[in-house]
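A short write-up of the structure that comes next.
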Amino acid sequence: MTNNYSEDNPRMKTKHTTRNIAVALCLSIAFLMLLIPTAALAVDDENCLMCHKYAGLGRYAKNEEQKAIKRIFYVNEELFRASFHGKLRCKSCHSGVEEIPHTDVKQVDCATDCHLNDPSTGRDFSHKSIVDDLKKSAHGADGAKSPELIKDLPTCKDCHTNKPYQLGVDEEVESMRFIKVCLECHESEAWTNRFYKHMFYRAHTRRSSKQVVALCSQCHANKEKMDRHDIDVVIGFKDTFHAKAILYGAEDVANCLNCHAPYQMGFSPHRILSRTDSSSPIHPNNKLDNCRQAGCHADAQEAFASKGKAHPSNVIVERVDEDGIVISQEEQKFQAWVLNMIELFYKILIVVVVGGLGFHRLADLYATHRERKIAFRAAKSGRHPS
Amino acid sequence: MSHGKNERSFVRLTKSQRIQHVILFVSTGLLILTGFMLMGERWVIDMFGSAGNEIFYWRGIIHRVAGVAVTLVCLYHLGYVFLQEEGRSWIKDMLPRMSDATHASQNVSYMLGFRETRPKMERFTYMEKIEYFSVYFGMFIVIVTGIMMWTEQYWPKFWLDIADAFHLGEATLAALAIIIGHIFSVHYNPHVYPMNKAFIDGKISESMMKEEHGLWYEREMERLAAEEAAAAASGGGRNNA
C-alpha cells in the first residue's frame, strides 16, 4: 500500500508535473499582473464601472429650461483616478444609489462627510464648512429674496470641476525629483504622488486673472439675470486699467476676487459679501483699506477710495446699506453725465477739427490739380505759364 | 514746382527748433502708440500671446519716459519763446493777427477756384499758427491729466475718471489732427512730396518761400537789401578812412 506512492510509480510522476505547471501558471499570472498599470487594478469594489466603463452610456434629457441636453454617464477610469477626487469611492458623493436601474439618485451634496480621513483632525473629511460659508455669503441661498431666485445662484460645480491633476512639463520634472526625497520616508508612491500634487496645486493659483474675470462674467455680465436680483450688471470693468492689464496677461493687477474677496483682509471667494454689508471689503468704510491691501495702492489717500466707482455701470439702482449710508443714485447719475459730456465734447471737436483739416487738404489738392492743368496746357502751347 | 539744386535757400528752422521738433515727434509717436495699446480690442491683444505681460510692462515704462520727455520739451519751449531772442522772434511772428483771417478766406477761395492767385502770406501761415497753438491746448490737457493719473493716490476716483476721459479724448483728437493735418501738409502735400526736408536741414528754397510765404520773402528781401546797403556804406566808410 505504501508502495503506491513510491517515486518510481509512473502515474504519480505525471500528477507531479501537472501540479508544477499549475503553480508556474499562477506565478506567471501574478507576475503579469504586476506589469499591468495600477489604474486598471484599482479596486472598484462597488462595481459601478461594470456599466459606466462603456463610452456609449448616456441619454438625451431636458434641463430646467426645457432645453434638450445630452447626459453622459461614461466614466473614464484612468482620468477619474488621476483627478482630485480619484481616491474616493463613487458612493461617497453619489449617495443613495442602491437600485438598478437607478431611480433613487440624489443630487450630489458637497457637504457630505466623505469617509476620507482628514490628517489634520483625524476625522472624516468634508467640504461642509465651505458650503456653510457660501450659504451665508452674497452668493448663498440664505440671502435669496425668493425661492425661484435660488436656482440662479452658483453652486459648487459652477466654479469647481473634478479635473485631473495636470502639471506642466517643467513642473512634472521638478516634482519627480522632489517626490524621490519624500519617498525616503513615505512608503506608498501613489499616496506621495497625490499628496505632492495636492500641495502643489494649492500653492499655485490655478485660475489666471483672465479666467477669473471670465468666470464671474458668466453671471455678472448677464443683465437679465442681474436685474432679477436687483444688482448692477457689470459692464464697466472691461474699460478699466485693471481689465486692460489682465487682457495682456498681467497677474499683478486686481481681478474680481482681489477686491471682492481679498484673502489679505480675511475673505475668500466663498465669503463674498454684498457691498451694502458693512463688513464687505467694498463697503465705503472699508474701501480705502481694500485699495491699500497687498501693496497695490499702498499710499492711497482717503480721496482715492471715495467719490467714484471702481467700475462704473450704466444701470443705477439706489440702495441703502445697513448703516443707513445711501449709495447715491444722484451722484452716480451726475458722474456718468459728466463723463458722457466730456466724450461728446471731444466727439464734436474731432468731427469739426478733422473735418475742417480734411476739407482744407482736399481743397488744396484740387487747387494743385488746377495749377498743374494750367501748367500742362501752357507747356503744350509753348508758352511760359508766368 | 521744380526747386533747383543751386537755388538760394533761407533758414526756416534753426538747430534748436529742429531738436525740439525731433524730441516732440519721437515722444509723441511713442505716446500715441503705447497709449492706444490700452484701447486695443481683445483679439489684437491676444496676438501678443505669452509675451503680453512683458509688453504691457514696457508699454507703461515707455509711456512714462516719453511723457516726461514731452513735458520737458514743452517747458523748455516756453522758456525759449519768452527768454531767448530767437524764440521771441518766433512767437512774435506766430501770434495770430487780423490778416490771418483775411489770408484764410482768400486762400480758401483760391483753392476752390473763386480767386486767381493765392494770398501772399507771412512767415507762418494761418494753418501753421492753428497747428502750433493746438499743440499748446493739447499738451496742457494731456500733461495735466497725465500727471493726475500718475499721482492717482491723491485724487478722488471721479476726478481720475474725468482726467482719463480728457486724456483719451485729447489723444484721439491730437493723433487724428497730426495724421490728417500735419503729416499731410509736410509729406503728402504734392508741393513737397515725399517730404518737406525743412525739419532735417532747416532750409526753405527761395521759390517755395516766394510761393507760400510771399510777405515774409518780401520782408526778408528788404532786410537783406538794407543790410547790404549798410555794409556797403560802412565798407565805403572804411575805404575812405
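Here the calculated FRET efficiency for A:THR161 and A:SER278, from their Cβ-Cβ distance with R0 = 30 Å, stands at 0.30, rounded to the nearest 0.05. Helical content alone sets the calculated 222 nm signal of the protein assembly as shown at -17500 deg cm²/dmol, taking -39,500 (n - 2.57) per DSSP H segment of four or more residues and averaging over every residue.
Close amide H partners of A:ASP124, meaning residues 5 or more places away or on another chain with modelled amide H under 5 Å apart, are A:ASP118.
Taking chain B as the region of interest, the number of lysine pairs whose Cα atoms are within less than 22 Å, with members eight or more places apart or on different chains, is 19.
Phi angles across the range B:217-233 convert, under the Karplus curve 6.51 cos²θ - 1.76 cosθ + 1.60 with θ = phi - 60°, into 3J(HN,Hα) values of 4, 5, 4, 5, 4, 4, 4, 5, 4, 4, 4, 4, 4, 5, 5, 4, 5 Hz, Gly and Pro given as x. For the pair B:SER89 and B:VAL11 in one chain, pulling the backbone fully straight at 0.36 nm per residue adds 26.7 nm over the alpha carbon distance. Across B:SER89, B:SER50, B:SER99, mean-square fluctuation computed from a Gaussian network of chain B (C-alpha pairs under 10 Å connected) peaks at B:SER50. Using equal-weight Cα scatterers in the Debye expression, the normalised intensity of the protein assembly as shown in log10 at q = 0.06, 0.10, 0.12 Å⁻¹ is -0.60, -1.08, -1.34. The calculated FRET efficiency for A:TRP191 paired with A:SER83, based on their beta-carbon distance and R0 = 22 Å, is about 0.90.
Relative contact order for the range A:132-265 using alpha-carbon pairs under 8 Å, separation at least 6, rounded to a whole percent?
On the way: 69 pairs, mean separation 23.2, N = 134.
Once normalised by length, the contact order is 17 percent.
Counting Cβ atoms of other protein chains within 10 Å of each Cβ in A:300-309 and taking the mean gives 5.
Whole number in Å², please: accessible area per residue of the range A:59-126, 1.4 Å probe, ligands, DNA and RNA not counted.
Numbers: 5430 Å² over 68 residues.
Using a 1.4 Å probe on heavy atoms only, each residue of the range A:59-126 averages 80 Å².
At 37 °C and 0.692 mPa s, what whole-number value in µm²/s does Stokes-Einstein give for the translational diffusion of the range B:8-94, with Rh from the Kirkwood sum over Cα pairs? It comes out at roughly 214 µm²/s. Ligands, DNA and RNA excluded, the heavy atoms of B:ARG8 present near 110 Å² of accessible surface to a 1.4 Å solvent probe.
Put a dot 7 Å past the Cα of A:ARG19, heading toward its Cβ, do the same for B:ARG223, and the two dots end up 12.7 nm apart.
Working from label points 7 Å from Cα in the Cα-to-Cβ sense, the A:LYS135 to A:SER268 distance is 1.6 nm. If a spin label sat at a point 7 angstrom from the Cα of A:HIS204 along the line to its beta carbon, the backbone N atoms of the range A:153-186 nearer than 11 Å would be those of A:166-175.
With both labels modelled 7 Å from their Cα along Cα-to-Cβ, the A:SER306 to B:ILE19 distance reads 4.8 nm.
In this calculation the C-beta distance from B:THR102 to A:ILE348 is compared with R0 = 35 Å, giving a FRET efficiency of 0.80. Per-residue accessible area (protein heavy atoms, 1.4 Å probe) orders B:LEU33, B:LEU160, A:LEU183 as B:LEU33, A:LEU183, B:LEU160, starting from the largest.
Reported to two decimal places, what Rg/Rh ratio describes the range A:59-126 when computed on Cα atoms with Rh from the Kirkwood expression?
On the way: Rg = 15.1 Å, Rh = 14.4 Å.
Reported Rg/Rh, Kirkwood definition of Rh: 1.05.
The values are calculated or read from the model by the stated rules, or taken from the named source; none is laboratory data. Please read these numbers as outputs of a predicted model, since none were measured by experiment. Please note: Cβ atoms are built from the backbone with ideal geometry, for glycine as well, and neighbour counts cover all protein chains shown. For the accessible areas, the whole protein counts, side chains as well, though only heavy atoms, and no ligand, DNA or RNA atoms are used. Shrake-Rupley method; radii C 1.70, N 1.55, O 1.52, S 1.80 Å.
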